[in-house]
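Heads up: the structure comes next, in C-alpha cells.
Every number in this text was worked out from the coordinates using simple rules, so none of it is lab data. Worth saying up front: this structure is predicted, and the values here are computed from it rather than measured. Cβ sites come from the backbone with ideal geometry, for glycine too, and all protein chains shown count toward neighbours.
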C-alpha cells in the first residue's frame, strides 16, 4: 500500500509542476509580446522640455519682452521631510547662510513653497471636479486619485525658494547641494520685460494659465501638439502676448528615455530638442512710445487725470505709439496685482486697462469733422455758408449753448463761415449744420469714418464704441457736436484724422509689423470736402484765435488737428486732441484723450504736440 | 568497521540527487550575481555587495553540514525526535518575545546569536521546526498500523500548534508549508482518504475564520492585489506586475544572462531572494525554467525513490515529509513568481540568496541522503 500511495504523492507533485510549466508556457510562449510591451511601457519615460518663448521688439529694435534663463535655488520637500529636527535646523541655518537670508525668511519661503504645492493641488482638483457629472462618485474618485498622485509627486520635484538669484548665491548653493539633501539649483526660462512699463498695454504679460483660460484656449493648438499647454504652464494673458501666443510659444522638446526604478535615466532613445518661439516685431516706435507715455505720465502726476494717446502711420496704419496712463510693470504684475486692482488705491485709475482701444469716451468737438463732412457731402451747406452765433441756439423752449456763451465769456462768435467755425469750434454753427444735415446722414458718415465698429487692430479686447441714431430733435443737435449717445475709442479717433490726412483712405491699424497694411477702405468724401477739412484743421492750430493755437502750434513741424472738450458728467469734461502732421505731407495721425482733463487744447494739446515734435526730431 | 561504513556510505550515496542539488546551487549563484548588480544613475553597472561570493561561502558551509549530517545513523536519533520537537516549540514561543525581524518591520522571526556582543548569526526557529515536525510526525506515525481519527487529530494538533505560533510572528509563507505536510504524511502512513477528505473540507470551511481573525491587513492586501494587481499597481500590486513582466518577457530563450531589464533596472524587488525564479525566467526564458523544474523533479523523485527502497517506517515517513516540504516550498515560490499564488515571502530552495535558507535546504537533502546511506534492517510482516 505504501508504494501505491508513494506513487500517488509523486503524481500529485508532477501535476503541480505541470501546472507551473503550463502557466510558464502561456506567459512566455503565447503572451511574451504582451509582457514585453508592459515592461517597455513602464521603463520608458517621455519628458517634455519647455521651450523659450519668442521675443517682442519694437520696429527700431528695442526688446520689450524676452525669455532669459534664470537660476533658482529650489527645495525638494521629500528630502526635508525625512530629516529629524536637528538636521532640519542645521539645514535651515546653512541655506540661510547661502542665500543671505534670516531663519525667519527661510521659514517664510518654505511655507510659501508648500502653499504653492497646496494651491496647485486645489486648482487641479477643482478643475477635475468641474469637468464631468457633478458630485458623481467616479468624479470624486478621479479627483482624489489625482490629489494623491500630486501629493506624492510634487514634494519630490524641486520647488522654487529663491527665484532668479545672483550667480554667487547659486554657485554657493550648488557647491553645498552635494551635502545638503534637498537643496537643488535649477535653471529655467523666465519672461522678462527689460523696458518695464514701456508699451506695457500693447505687449501685455504672461501668467500661469487659469482653469477658465485652459478651457478657453486648449483647442487653439489642435494639430500642433508641441505647442499645447498644460495646467501649470504660462500663457499670454493680454496684449500681444495673448494675441500672438501661438507664434510666440515655442515648440516643446521631447526626450524618450529608459529609466530605472528610481527614475534615473539610463539611455536616451530619442531626443527632440525644444525650439524657441518666433519673435514678434511691433510697429511701435520706442522713442514715440516713450514720448507719449512720458507726456501722459506728467499730466497724471500733476493732475491725477488718466489718459491715453495713440499715434499711427497715416499711410500704412502702423501703430507707432499706443499709451495708456497710468501703466504697470509687467515684470511684477503678478506680484502687484492686488495693488493694481485695489479700488481704494491705484486701482481707482485702472492701470491695467488699455484706454487706447478699450475706453469708450464721448468725443466732443472733434466730432465736428464728421458733422462737417456729412453736411458738405449731403449739400446741406457749402464752405461759405454762414450762421450767426449769439452764444446759444434756441430750439423751441430749449437753449443749446456754445462754449463761448457760457461763463466766463458770455459772448458769441458772430456771423462766421465753416472754416472759421472749425477754427474756433463754434457749437452754434454746427448745431445749425447738424439740423440741416439730419440725424441719418450724421450717423451714416460717422460709420463711414469707422465709428461704432472695431478697427480690427491686432490686440485683444478692443471695444467697438457706440453710435446710435438720435430719436429726438435735441439729440441731433447734441450729436452734431459729438455729445449724446456716442462713444468712441482713441484709436478710432486717430484713424478718423488719419483718413482726413490721407485723402479719405481709412487705414487698418495694426501693431505687428509684418501684418500687411491693408486699407480699411475709403471714407468716400469728395476732394473738395477733403481740402476744406484739411484747411480747417490747419487753422485750428496755426492761425491765431484757433482753439489749438496757443498750446499745439509747433515751430518744428506743422500740426493740423481738432480740439475737443467732451461733457462727461461728474468729474469734469474729457479733453481731446486729434490731428496729423506734417500738414503739407501728412505722415502721422494722433489722438489724445485726458479723462476729465478739461479743455481739449489746454490738457490734451501739449501731449499731441510733443508726439508730433518727437516724430519730427526722430 | 569505520572503513566498512564509509564504503557503504559511498555505495549508497545518491549521486544523481547530489548532482541535481549541486546544479541548482550553481545556477543560483550565477543568478544571484546577475541580480545583485544593477544599472545606476547613468546606466553604469553597480554592484554594491557581491552577494554571489557570499552565497558561495554559505554553500561551502552547507555542504560541510550536509556531510556531517550523513555521519550519525538517523535511526539512532529516533528517540530524540519528540523531545527535539518540544524544545523547538519552546524556542518558537520564546521567539515571539525576544525575536527580531528585518529592519523596521514589526515582526519577530529570528533569534540573534551574539557572542561577546557581536552578532554572529540569526537563527530562524521556524525552519528548525520544519525538520523537528517531520521527525516528530514520523516518529508518531511509524508504528500506527491503522490510522484512526484520533491519530489524525493528534497529527493535526502537533502541526497546528507550531503553525499558529509561526503565524503569530507573522510568517505566512512558512506557515503555509505546514498545511500539506501532515496530509501527505498521514496519506503515506495509510490514513483513509475519506477521513483526510473530511479534514480538508473542515479546513476549507475555516478559511473565513482564518481571513477575519488571523490574517493581518497587509496580508489581505497582498491577497487582493494577487486577484487585481493593476488596481494596486503602485503598492501591493507592484511585485505581482513586475514579476509577471519579467517572466513573460523571457519568452522561449530569455533575454540573456545579465540582460534582463526588469532585473537590472531594479523593477523587480527581492530579486536575489524570493523573486529569483522570475530573474531566471527573464534571462533564460522558458527553457531555463524547464531545466530548473526538471532538476527539482530529479531531487523529489530521488527522495521518493529512497523512500520506496527503505523498509524502515520511520525513515520512509521522514523522507515523505522532507519531500513534501521541499515540493511545497518550490511550488509556492514558483507559483508566486508566475502569478499562480499570492506572495507570501518564501525562498526558492538551493537557489535563492540567503545562508539560512540554503542551510535548511541542505539539511533536508542531508536527511534524505542519511536515510539512503544507512539502510536499517526491519522485519516486517508484509510489504507495506
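Modelled this way, with points 7 Å down the Cα-to-C-beta line, the labels at residue A:336 and residue A:107 are 3.1 nm from one another. Between region A:108-149 and region B:354-374, what is the C-alpha centre distance in whole Å? Each part's Cα centre sits 58 Å from the other's.
How high is the FRET efficiency between residue B:118 and residue A:1 when r is their beta carbon distance and R₀ equals 51 Å, given to the nearest 0.05? For R0 = 51 Å, the calculated efficiency reads 0.45. If one computes the Cα centroid of region B:127-204 and of region A:534-601, what distance in Å separates the two points? Computed from Cα coordinates, the inter-centre distance equals 110 Å. Once the Cα-Cα distance is subtracted from the 0.36 nm per residue extended length, the residue A:415 to residue A:140 segment shows a gain of 91.0 nm. Per the Kirkwood formula applied to alpha carbons, region B:1-72 shows a radius of gyration over Rh ratio, Rg over Rh, of 1.22. What spacing in nm lies between the two simple spin-label points modelled at residue A:47 and residue A:163, each 7 Å away from Cα in the Cβ direction? Placing both labels 7 Å beyond Cα along the Cβ direction yields 2.2 nm.
For the residues of A:33-46, the average number of beta carbons from a partner chain within 10 Å of their own beta carbon is 5. With r defined as the distance between the Cβ atoms of residue A:268 and residue A:215 and R0 fixed at 25 Å, what FRET efficiency is calculated, to the nearest 0.05? Result of the calculation: an efficiency of 0.10. Computed extension gain for residue B:294 through residue B:15, at 0.36 nm per residue and net of the alpha carbon distance, reaches 98.8 nm. In whole angstrom, region A:194-245 maps to an equivalent ellipsoid with semi-axes of 22, 11, 9, each derived as √(5λ) from the alpha carbon gyration tensor and ordered largest first. Packing, taken as the mean count of other beta carbons within 10 Å per residue, orders the peptides A:343-349, A:372-378 from highest to lowest as A:372-378, A:343-349. To the nearest 10 degrees, how steeply does helix B:313-337 sit against the main Cα axis of chain B, on a 0 to 90 scale? On a 0 to 90 degree scale, this one is about 10.
Listing A:448, A:510 from fewest to most neighbouring C-beta atoms within 10 Å gives A:448, A:510.
Over region A:13-138, the ratio between the Cα radius of gyration and 2.2 N^0.38 Å evaluates to 1.93. Arranged from fewest to most other beta-carbon atoms within 10 Å of their beta carbon, B:343, A:337 become A:337, B:343. When each of the peptides A:238-245, B:156-163 is scored by how many other beta carbons lie within 10 Å of its residues on average, the order from highest to lowest is A:238-245, B:156-163. Applying 1/(1 + (r/R0)^6) with r as the Cβ-Cβ distance of residue A:118 and residue A:11 and R0 = 45 angstrom yields a FRET efficiency of 0.10. Nearest 10 degrees is fine. How inclined is helix A:368-378 to the longest principal axis of chain A, computing both from alpha carbons? Orientation of helix A:368-378: about 70 degrees from the principal axis. Note on chain B: with a GNM built from Cα contacts shorter than 10 Å, the maximum mean-square fluctuation among B:372, B:278, B:37 falls on B:37.
Region A:310-355 and region A:208-260 have Cα centres separated by 25 Å. Computed on region A:285-440, with alpha-carbon pairs under 8 angstrom and 6+ residues apart, the relative contact order is 16 percent. Gaussian network model of chain B, Cα springs within a sub-10 Å range: biggest mean-square fluctuation belongs to which of B:230, B:85, B:267? Largest GNM mean-square fluctuation: B:230.
With the largest listed first and rounded to whole Å, the semi-axes of the equivalent ellipsoid of chain A from the Cα gyration tensor are 68, 27, 22. The share of Cα pairs per 10 Å bin across region A:495-618, counted from zero up to the longest distance, runs 15, 40, 34, 11, 0 percent.
Here the Kirkwood formula, the inverse mean of 1/r across different C-alpha pairs, assigns region B:2-373 a hydrodynamic radius of 21.7 Å.
Label region A:72-194 by shape, choosing from rounded, prolate and oblate, from the square roots a ≥ b ≥ c of the eigenvalues of the Cα gyration tensor; if a/c is under 1.5 it is rounded, and otherwise prolate applies when a/b is larger than b/c, oblate when it is not. Because a/c hits 1.5 or more and a/b exceeds b/c, region A:72-194 counts as prolate.
For region A:1-80, the Cα gyration tensor yields ellipsoid semi-axes of 69, 19, 4 Å (square root of five times each eigenvalue, largest first, whole Å). With 10 Å bins beginning at zero, the pair-distance distribution over Cα atoms of region A:84-142 amounts to 21, 30, 18, 16, 15, 0 %. For A:7, A:505, A:609, A:397, the sequence from fewest to most other C-beta atoms within 10 Å is A:397, A:7, A:505, A:609. Within the protein assembly as shown, DSSP assigns beta bridges of which about 95% are antiparallel (rounded to the nearest 5). Here the spin labels are modelled as points 7 Å beyond Cα on the Cα-Cβ line, and at residue A:471 and residue A:19 they lie 9.1 nm apart. Hey, for a label at residue A:406 modelled as a point 7 Å past Cα toward Cβ, could you say which residues of region A:540-576 have their backbone N under 11 Å away? Counting backbone N atoms under 11 Å from the label point, the list is A:565-569, A:572-574. Angle of helix B:81-98 to the longest C-alpha principal axis of chain B, folded into 0 to 90 degrees and rounded to 10: 30°.
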